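All remarks here apply to the structure that follows.
Derivation of every value follows stated rules applied to the coordinates shown; laboratory data play no part. Computed from a predicted structure; not experimentally measured. With ideal geometry, Cβ positions are generated from the backbone for all residues, glycine too; neighbour counts draw on all protein chains shown.
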Amino acid sequence: MSAQKKKNFQIEAFKHRVVVDPKYPEKTWKILEHAIHEIYNHNASGLSFEELYRNAYNMVLHKFGEKLYSGLVTTMTSHLLEISRSIEAAQGEVFLEELNRKWADHNKALQMIRDILMYMDRTFIPSTHKTPVHELGLNLWRDVVIHSSKTQIRLRDTLLELVYRERNGEVINRGLMRNIIKMLMDLGSAVYQEDFEQHFLEVSADFYRLESQQFIESCDCGDYLKKAERRLNEEMERVSHYMDARSLDKITNVVEKEMIESHMQRLVHMENSGLVNMLVNDKYEDLGRMYNLFRRVPTGLSIVRDVMTSYIRDTGKQLVTDPERLRDPVDFVQRLLDLKDKYDEIITLAFGNDKTFQNALNSSFEYFINLNARSPEFISLFVDDKLRKGLRGVSEEDVEIVLDKVMMLFRYLQEKDVFEKYYKQHLAKRLLAGKTVSDDAERSLIVKLKTECGYQFTSKLEGMFTDMKTSEDTMQGFYASHGTELGDGPTLAVHVLTTGSWPTQPSATCNLPAEILGVCEKFRSYYLGTHTGRRLSWQTNMGTADLKATFGKGQKHELNVSTYQMCVLMLFNNADRLSYKEIEQATEIPASDLKRCLQSLACVRGKNVLRKEPMSKDIAEDDAFFFNDKFMSKLYKVKIGTVVAQRESEPENQETRQRVEEDRKPQIEAAIVRIMKSRRTLDHNNIVAEVTKQLQARFLPNPVVIKKRIESLIEREFLERDKNDRKMYRYLA
Amino acid sequence: MIDPEGIETLCSDMEVDHTDVRILMLAWKMKAEKQGYFILEEWRRGLKALRADTINKLKKALPELEKEVKRPSTFVDFYSYAFRYCLTEEKQKSIDIESICELLDLVLGSQFHAQVNLFIQYLKTQNDYKVINMDQWMGFYRFCNEISFPELSNYDPNLAWPLILDNFVEWLKAKQS
């Protein structure tokens, strides 16, 4: 082995051949230019990507980027010009297809070109702030092809024509549309908007303006809305199929404006088919459609709501002021409930439970219910009817439903204190006559009232129930201790009522029959024996009695009568004939009550246990009464007494009104004093406002009445006027 | 103490009718408490204030007194005094309509002729009020001063005017139409 001579390992700098060839850039460009031609001629398969890339790379590297770029522009432009001409030459249907195809080709080509020129894209272009290749390709396409004078307008018109045909029911090539429109989108939103969208919207507006005018002349409201809805859906679907999603709102706005907004008033007020007609006939589907369509337009829903509100108010107003309706309170209230149910249903099914509509309904009810001053009385009568018989045999759930509905009406009342007065009266009658269908139902309603109005409202009512219970116990005690000595005498059932809890009844004179007096006295002493310091007074106008009577041929009947009636009938145990005057003297019952009492005993068919001469309906001072031997009835038990709650007569109504007004005075004064005590000084308008606010849960105070109370308080030195500012009042401690 | 008879004598001495408003003004100057009577203290007070020590000087002081009372700053005081002077019973707070009408005429008749006449007419025809209290009395004076008459253009019933005046204005307006 010979030793090698040691050589220094040197790495020499790589010296590549300096290209001095001046034709280098031109030659290289020619290669690339040729490649671009081939690409555009669908001959790309024969090209070597790597070689082309390297050539482009070298050009850029050797500082020939400018040449490369401008060459690209020139070449591409000339190809696009050719393409543009071929598109322009396309006839009819082929136009779009040709455009579509060439666009696809261009994109493919562009991609390849971009890949080849990627180095330039990444280095030369950014540093010289030139447009990148891809974008350049799009821009050139836009400028040369799309915006060629012939093509630009033709393209737009063709697209709009297709849309028009599709709107008229023709089937068009949606895929093609999508591609073309996507092309416009790819060219930039400015192109999409200026070359297509804004014209599309304009033309659509014209189209729908015309169509809606035709429809409105020829269709009824329901049909029109169906058509409008259909068109709206169509447009939405159209956009989703072949347009930019951002056009959705724009086109729907156009349809909404032309088809709905322009014709809103006319639709709503259309005779025989407009909103009112739909409401009256419960056309839920049409109403729902109207709601959904109008909701899209500003003020659309408020128009619907306003028309509905004024219709409900009118209907309600008619209901509450119709003299026919006012004869039957129970029917009156039932109709109110039916009206509420109807509109609740409409709002739920057609208006999507919209709160603003609910509020409009509520305010309408509040408005017209309070137009009739007797609404509180009638609602109480309705409840009375239900609790006396209407709810018999009804399930607990259904009872709750009815009571909740009553509460709903109650809430609308401005004069809740009037309702309270009547409710008390009616409840008293129900309790005393033992005529309540369900104790649970009664209690349930009291609880609801308490929840709504607070403890004070119902404390007296609860007191009434307590009295009833206590009376039961008292009677048991009475008979337990006195049972034997009473023996054969009449059986007594006493309800002891605490004054203050029960509605005040002025107790009138009445001479009870001797048999009754006895046992009553025994009860009185028994009671006062166990409750010293109390005072008892017999309420003869509120009692009932069961009498056993034997008539002419031996028929026996049990008569259920009022206390007054009992007093009158018992007289006939000792006389066959009595004049009015004699009866009046003997019983000392007040004239008007006595007359009514005698009428019920002598003038009502099937209940005439007395006979009157003459046989007239009215009771005259010199009428004579006879025990009616010939009285007949199919039933053994005959009910003659009436202590049932009834609609008040006018004079009674006036009286109650007056009592309510009297009751309100101290409440107003208390409110004034409360307010002034805490505020010390306050001006007139603010006092009125505060007082109204404080009392609104019970009633709406009259400003004139408030003023009068203030003056009364000034006189009694609770308040004084401010010496300097005459509008102010001052609290006097 | 000077009793009603004595006052009558005084009036004839001064040659003034005893129902003349100037006697009331005199009572006011004296701050007399009881209608129809002047007690010594009050007498002295009044005469001293008027700088009179003879009946003649008293008589001559009357025009001056009138002028003083009619000045707006003092009239209010006189006006409210006039009402109190007529409260003869101990716990009395109001005066009957008849007397009020007379008093109004006496005290305000010359100054607010039209208003007073109409108000008196109203008071005599209405049924709501049988008496007038101090608050209403003072309210009327304010009314004459502040409200344009007979247009009533600046009257607002929503403000704190006594209710009787609200009713009066309503009555007036009904009458005018």
Among the lysines, which have Cα under 17 Å from the Cα of A:K556 when same-chain residues fewer than 8 positions away are ignored?
A:K548, A:K607, A:K630, A:K634, A:K637, A:K639
Computed FRET value (nearest 0.05) for B:N158 with A:V705, which takes r as the C-beta separation and R₀ as 22 Å:
0.95
Would you mind calculating the gained length between A:A89 and A:H34 on full extension (0.36 nm times residue separation, minus the Cα-Cα distance), in nm to one decimal?
17.2 nm
Give the angle, between 0 and 90 degrees and rounded to the nearest 10, that separates the Cα long axis of helix A:284-294 from the longest principal axis of the Cα atoms of chain A.
50
Inter-centroid distance (Cα atoms) of the stretch A:164-220 relative to the stretch A:125-160, Å
23
Placing each pseudo-label 7 Å from Cα in the direction of the beta carbon, A:N277 and A:Q214 end up separated by a distance in nanometres of 2.2
per DSSP, antiparallel bridges as share of beta bridges in the protein assembly as shown, % nearest 5, sits at 85
What are the radius of gyration and Dmax of the stretch A:250-366, computed over its Cα atoms and given in Å?
15.7, 58
Computed [θ] at 222 nm, deg cm²/dmol, chain A (DSSP H ≥ 4; -39,500 (n - 2.57); rounded to nearest 500):
-20500 deg cm²/dmol
Rounded to a whole number, the mean other protein chain Cβ count within 10 angstrom for residues of A:685-693 is 1
Please give, to one decimal in nm, the separation of the simple spin-label points placed at A:K665 and A:Q10, each 7 Å out from Cα toward the Cβ.
13.3
Cβ-placed point charges (K, R +1; D, E -1), dipole of chain A about Cα centre in debye, nearest 20
1900
Report the gain in length on full extension from A:N139 to A:E50: 0.36 nm times residue separation, minus Cα-Cα distance, nm rounded to one decimal.
29.3 nm
Relative contact order of the stretch A:541-700, defined on C-alpha pairs under 8 angstrom at six or more residues apart (%)
21
Put +1 on the Cβ of each Lys and Arg and -1 on the Cβ of each Asp and Glu in the stretch B:23-177; which of B:I55, B:C144, B:S73 then has its Cα farthest toward the positive end of the dipole?
B:I55
Anchor A:K182: lysines whose Cα lies under 18 Å away (excluding residues fewer than 8 positions away in-chain)
A:K102, A:K108, A:K250
Hey, could you pull the Cα Rg and Dmax for the stretch A:335-477, both in Å?
16.9, 62
Filtered hits (lysines, Cα-Cα < 22 Å from A:K460, offset >= 8 within chain) -> A:K386, A:K416, A:K421, A:K424, A:K429, A:K435, A:K448, A:K450, A:K469, A:K665
Simple spin-label estimate for A:E717/A:E650, 7 Å along Cα→Cβ, in nm, reads 4.7
Please list, by residue number, every one of the GluC sites (Glu not before Pro) in the stretch B:1-88 that is coil in DSSP and has at most 13 other beta-carbon atoms within 10 Å.
B:E15, B:E33
If you take the C-alpha gyration tensor of chain B, multiply each eigenvalue by 5 and take the square root, what semi-axes do you get, largest first, in whole Å?
33, 17, 14
Take A:M236, A:M183, B:M25, A:M728 and order them by how many other Cβ atoms sit within 10 Å, fewest up front.
A:M236, A:M728, B:M25, A:M183
Kindly put A:H684, A:H199 in sequence by how many other C-beta atoms sit within 10 Å of each C-beta, fewest to most.
A:H199, A:H684
FRET efficiency, 1/(1 + (r/R0)^6) with R0 41 Å, evaluated for A:D105 and A:E234 via beta carbons:
0.75
If you average 1/r over every pair of different alpha-carbon atoms in the stretch A:601-733 and take one over that average, what Kirkwood value in Å do you get?
19.7
Out of the GluC sites (Glu not before Pro) in the stretch B:77-111, which ones are loop residues according to DSSP with at most 13 other C-beta atoms within 10 Å?
B:E89, B:E90
Nearest 10 degrees is fine. How inclined is helix A:65-89 to the longest principal axis of chain A, computing both from alpha carbons?
70
Hey, what D do you get for the stretch A:548-649 in µm²/s if you plug the Kirkwood alpha-carbon radius into Stokes-Einstein at 20 °C and 1.002 mPa s?
154
Semi-axes of the equivalent ellipsoid of chain A: what are they in whole Å, largest first, if each equals the square root of 5 times a C-alpha gyration tensor eigenvalue?
101, 32, 26
Under unit Cβ charges (Lys, Arg +1; Asp, Glu -1), what dipole magnitude, rounded to 20 debye, does the stretch A:284-336 have relative to its Cα centre?
280
Please compute the length gained on full extension between A:D725 and A:Q152, using 0.36 nm multiplied by the number of residues separating them and subtracting their Cα-Cα distance.
198.2 nm
To the nearest Å, what is the center-to-center distance of the stretch A:23-102 and the stretch A:603-682, using C-alpha atoms only?
108
For a quick check: sort A:E711, A:E720 by the number of other beta carbons within 10 angstrom, fewest at the front.
A:E720, A:E711
Report, in degrees rounded to the nearest 10, the 0 to 90 angle that the Cα long axis of helix A:439-453 makes with the longest principal axis of chain A.
60
Rounded FRET efficiency, nearest 0.05, which uses the C-beta distance separating A:Q414 from A:D314 and R0 of 22 Å
0.65
GluC sites (Glu not before Pro), restricted to the stretch A:152-226: which are DSSP loop and have at most 12 other Cβ atoms within 10 Å?
A:E170
Helical contribution to [θ] at 222 nm, DSSP H n ≥ 4, -39,500 (n - 2.57), averaged over chain B, rounded to 500:
-20500 deg cm²/dmol
